[in-house]
1. Return a yes/no flag: does region 121-133 have any residue that is among the basic types (Lys, Arg), outside the structural domain of Gly179 (by TED's automatic domain parsing) and within 20 Å of Tyr203 (Cα to Cα).
2. Pick from Val354, Val278: which is within 30 Å of Glu69 (Cβ to Cβ), modelled with pLDDT of 95 or more, of a type in the set (Val, Ile, Thr) and outside the structural domain of Tyr99 (by TED's automatic domain parsing)?
3. Across region 114-135, what is the number of residues that are surrounded by fewer than 22 Cβ atoms within 10 Å (Cβ to Cβ) and more than 21 Å from Asp53 (Cα to Cα)?
4. Any chance you could count how many residues in region 291-348 are at pLDDT below 95 and closer than 15 Å to Asp234 by Cα?
5. Answer yes or no as to whether Leu216 is buried (at least 24 other Cβ atoms within 10 Å of the Cβ), closer than 18 Å to Ala19 by Cα, at pLDDT 95 or above and not small (Gly, Ala, Ser).
6. Within region 63-109, work out how many residues are of a type in the set (Phe, Trp, Tyr) and touching a Cys at 6+ places or on another chain (Cβ under 6 Å).
7. Have a look at Gly224, Gly199 and point out the one that is farther than 30 Å from Asp275 by Cα and crowded, with 24+ Cβ neighbours inside 10 Å.
8. Could you check, for region 135-156, whether at least one of its residues is at pLDDT below 95, among the basic types (Lys, Arg) and more than 27 Å from Leu198 (Cα to Cα)?
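The values are calculated or read from the model by the stated rules, or taken from the named source; none is laboratory data. As the structure is a prediction and not an experimental result, all values here were calculated from the model. In this analysis, Cβ positions are derived from the backbone assuming ideal geometry, glycine residues included, and neighbour counts consider all displayed protein chains.
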Amino acid sequence: MADAGDSRHTPLYDQHLRAGAKMVDFAGWVMPVRYGSEIEEHHAVRRAAGLFDVSHMGEVRVRGDGALEFLQSLTPNDVTKLRPGRAHYSGLLTEQGTYVDDLLVYMLAENDYLVVVNAANVEVDYGWMVSRRNSSCRIDDHSDKYALLALQGPKAPEILSRLTDVDLATIKYYRFIDGAEIAGMRCLLSRTGYTGELGFELYLPPEDAPSMWQALLEAGADDGLVPCGLSARDTLRLEAGMALYGHEIDRETTPYEAGLGWVVKLASGDFVGRDALVRQRDEGVGRKLVGFEMLGKGIARQSYEVLHDGEAVGTVCSGTWSPTFDKALGTAYVPPTLAEVGTEIEIQIRKRTVAAKVVDLPFYRRS
């Protein structure tokens, strides 16, 4: 078991211990990495449903006069397209067009937004936003006001429907209901997730988290719902081709390099990093994120060298054994000339050079 030290606990810490979870330190939090077999947890999400505690994520409230204009000037996606009850994926970028973090922006009401950021970056992101405020809007770190649960998998709607009168079919992808009642508790119910599966995320007061956790597990017990840890979350997101800060994206990476150019709305006006991205759009990128599968035995890990004809051409961002496909998969940055599907590369695994090939991203698409 992890030594808690100065690490923080989510409101569900005791529930994780009672369930026998293996706890680890992650981004300053003591979090469950697995409850039993991470492979079984992964399969449960793909085939039935899994329940994740992601209360370590950060939430920043941006509201008041000028909130829309502020977020429009700070992030590359077009905030003017949002309406109350809608969210989108975006980022905080440097002047060089690289990532400070990736994030979700929820529009709660006119000039009232909830910005959800990665756990490891809460302080940096909050400071970044405050230092660039150019209006009278108010920016508050509300991370302690929320617990966050993620119910993911093909049976998630059926399970959740037993606990609410909300017509879940009306909540489309990246839509949400603020004030939905689930199991007698009010929450922000969002049709989002980080697994590539059908699912929902529930933002609720921390004091309600244990009761909600138990209610969801009981409602889904006969459907195969299981609690899931960080390990399954990582293999699921990698199969779904979803970026992880510190792996596929960081302060050296732009959206165009990462295959996330669709979040960049150059026509929406000026924003931090826009000039650099215009130049990169016009000149082209010097590297591209690709997916690969191992042809030889071995699992590629972050920072392993990628080779082509014996020459180092890049490094691995993420790599794992895929439970869904029963093979080793990974992501890496390579020169654009090597990014075509089918290109043969090699991965330097310790003292061995192991064959691999470039494949389509995402690896997994929900049918």
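1. Just the residues of region 121-133 that are among the basic types (Lys, Arg), to begin with: 132-133.
Of the ones still in play, those that are also outside the structural domain of Gly179 (by TED's automatic domain parsing) are 132-133.
After this cut, where a residue has to be within 20 Å of Tyr203 (Cα to Cα) as well, the list is none.
No, because not a single residue in region 121-133 is among the basic types (Lys, Arg), outside the structural domain of Gly179 (by TED's automatic domain parsing) and within 20 Å of Tyr203 (Cα to Cα).
2. When all the criteria are applied, what remains is Val278.
3. 11
4. 0
5. The answer is yes for Leu216.
6. 1
7. Details: Gly224 fails: crowded, with 24+ Cβ neighbours inside 10 Å.
After ruling out the rest, the residue left standing is Gly199.
8. No - not one qualifying residue is present in region 135-156.
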